[in-house]
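Colleague: Just dropping this structure here.
Nothing in this text is a laboratory measurement; each read-out follows from the coordinates by a stated rule. Not measured: the values here are computed from a predicted model. All Cβ positions, even for glycine, are placed from backbone atoms using ideal geometry, and neighbour counts span all protein chains on display.
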Amino acid sequence: MAEEFEPKIVAFLCKWCSSAGADLAGVSRMEYPPNIIPIQVMCSGSVSPLYIFSALSQGADGVLVSGCHPGDCHYMKGNYYARRRLALVKKLLEYIGLEPPRFQMSWVSATEGVKFTQLIKELVKELQPLGPQTKLRRNF
Amino acid sequence: MVNLEQLKEEAKKILSSGKIKYLIGYENIGASWQVRPAFICRPEDVDRLVWTPACFHNLTRFIHDEKRKRAREKNPDLRPIGLIIKGCDSRSINVLLQEKYLERNEVYLIGVSCELAGVIDETKLRNHLGGLKPEKILFGEKDTIKVIVNNEEREIPAPQILAKRCLECPANYPVIADIILGEKIKRNPTDRYKSISQYEKMSGPERWAFWLEQFSRCLRCYACRSVCPMCYCDECVADSIAFAVTAETTAEEKAQKIRWVERNPEPSENIFFHLVRAIHLAGRCVDCGECERVCPVAIPLRLLNQKMEKEAKELFGYEVGFDASQPPLIACFRDNDPQDFIR
């Protein structure tokens, strides 16, 4: 029986909300797929487009950037900047021809452990039919 | 039509007053129609200046060289430098002012309006003339361009040989300048984003095939970076050699410099470089089209930059280069920015 494709997802989680949300999912013993590689960043606003391109270039099948809900940012407005900048990144990646689900952004607060597990399950389900990401992967 | 004599007179006036260090304009290369940037220091040299449809260079680029030189000199000459600018060049000055890279009193701007014409596209001209070599190219009446071939004058309607960027130009007159020569005439509004519309209609895989083919050709000569009026960083992520080394830089720092992207001209690295370039120019690119013009392998770079410009306009209502007092695109936000893509 052919094994199902397991996508590798690099997740940039902001320290104050999404990381805590993921932690909550962990300590509450909620189950979610192990496809995610969490990277803690201080704020979603600190995620440079370079990180995203770099993750894709080094073989990530999907990239997730997650931060606090608008208005909840620890640094007052970091997530607003992230929203604007990453909207452009998303449009650009789609324009180049990368499948839209490969780059995702979400708001997960520290209390939303359930939302986080749900989100990861959905992401894995979306990425599975697409197969491995080879378009931006470094190939030499 | 911009009067060349008037342009020379203004240049002479400001040069002889000693208010500017030098003036950057355009001059003919020998007796040919081709034009190159001219650096004019003395009032008696202003006769070298020309203004033709072949003046495609964006002279804003030379400000970076001047600023770097000033930083190195012990007693720099701090007088402003003079520039002859077209509509697109004036917008790039505005972006540099917005980013506080430049102070308004560091430059003296002589604006020339393109009026109903603009600058030509060399390939279009070559195709139009069918292999004949032009001797002179001049602005004609209204929206025509006069081309002299074999001592015979031909009037060509401007849209036939104008560069694409000029046909899609949002403002073909300087939006910031100390003096403006010529009239502020706006060409009939054409579709601003005509070039990209056909690619936007394609499906994802089709677009990918198109871009992969384009980017595979890239030689990584960085001509696009060198010519860009917005590329003034001392360090460049795209180029592992270009990073600022000072006396304090340790060997360890040099060794541990992150190589985001390799220098090999491999498709994957080329795509990375161009993605970074496109994102870095989002909200800054003024669509002067120089990158596309200088590309030795004809990669349609304007399609990328124009897409970002369009998204900035549609998503955030941001127009590049018209107002030097507003903050740059990604250094500001609004509460109601679209977020339907966020879960």
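Colleague: Isolated Cys in chain B by the 4.7 Å beta carbon test?
Modeller: Lone cysteines by the Cβ rule: B:Cys41, B:Cys55, B:Cys114, B:Cys166, B:Cys169, B:Cys218, B:Cys221, B:Cys233, B:Cys236, B:Cys285, B:Cys295, B:Cys332.
Colleague: Could you name the aspartates and glutamates in cross-link range of A:Lys15, using Cα to Cα under 17 Å and dropping any fewer than eight places away on the same chain?
Modeller: Here the aspartates and glutamates satisfying the reach criterion relative to A:Lys15 are A:Asp23, A:Asp72, A:Glu112.
Colleague: Continuing with this model, one more query. Can you tell me, using C-alpha contacts under 8 Å and at least 6 residues apart, the relative contact order of the range B:181-296 as a whole percent?
Modeller: Reported as a whole number, the value is 32 percent.
Colleague: If one computes the Cα centroid of the range A:59-74 and of the range B:156-194, what distance in Å separates the two points?
Modeller: 41 Å
Colleague: Checking the cross-link filter: which aspartates and glutamates have an alpha carbon closer than 14 Å to that of B:Lys136, excluding same-chain neighbours under 8 positions apart?
Modeller: Answer for B:Lys136, where 14 Å is the Cα cut-off: B:Glu27, B:Glu122, B:Glu152, B:Glu153, B:Glu155, listed by chain and number.
Colleague: With +1 on the Cβ of every Lys and Arg and -1 on the Cβ of every Asp and Glu, and nothing else charged, how large is the dipole of the protein assembly as shown about its Cα centre, in debye rounded to the nearest 20?
Modeller: So the dipole magnitude of the protein assembly as shown works out to roughly 380 debye.
Colleague: As a test, work out the antiparallel percent of DSSP beta bridges whose residues both lie in chain B, rounded to the nearest 5.
Modeller: DSSP beta bridges in chain B are roughly 65 percent antiparallel.
Colleague: Moving on to the next point. If you take every DSSP beta bridge fully contained in the protein assembly as shown, what fraction is antiparallel? Give it as a percent rounded to 5.
Modeller: Here the antiparallel bridges make up roughly 40 percent for the protein assembly as shown.
Colleague: Using 0.36 nm per residue, how much length does the chain from B:Tyr193 to B:Glu319 gain when fully extended, once their Cα-Cα distance is taken away?
Modeller: 44.0 nm
Colleague: Helix-only mean residue ellipticity at 222 nm, chain A, DSSP H runs n ≥ 4 weighted -39,500 (n - 2.57), per residue, nearest 500. What is it?
Modeller: -12000 deg cm²/dmol
Colleague: Which residues' amide hydrogens lie under 5 Å from the amide hydrogen of A:Gly97, considering only partners 5 or more residues apart or on another chain, with H built in the peptide plane?
Modeller: Result for A:Gly97 returns nothing.
Colleague: As a test of the formula, what do you get for chain B when each DSSP H run with n ≥ 4 contributes -39,500 (n - 2.57) and the sum is divided by the residue count, at 222 nm and rounded to the nearest 500 deg cm²/dmol?
Modeller: -10000 deg cm²/dmol
Colleague: Something else: Just need the relative contact order of the range B:48-137 here, percent rounded to a whole number, with Cα pairs under 8 Å and 6+ apart.
Modeller: 36 percent
Colleague: Let me ask you something else. Report relative contact order for chain B in percent, whole number only (criteria: Cα-Cα under 8 Å, sequence separation at least 6).
Modeller: Relative contact order, chain B: 17 percent.
Colleague: Still on this structure: Taking 0.36 nm per intervening residue step and subtracting the Cα-Cα distance, what contour gain separates B:Val2 from B:Arg68 on full extension?
Modeller: Stretched fully, the B:Val2-B:Arg68 segment lengthens by 20.5 nm.
Colleague: If the cut-off is a Cα-Cα distance under 17 Å, which lysines reach B:Lys142, setting aside same-chain residues fewer than 8 apart in sequence?
Modeller: B:Lys184, B:Lys186
Colleague: Can you list the residues of the range B:20-57 with backbone N under 14 Å from a point 7 Å past the Cα of B:Asp77, pointing along Cα to Cβ?
Modeller: B:20-24, B:39-45
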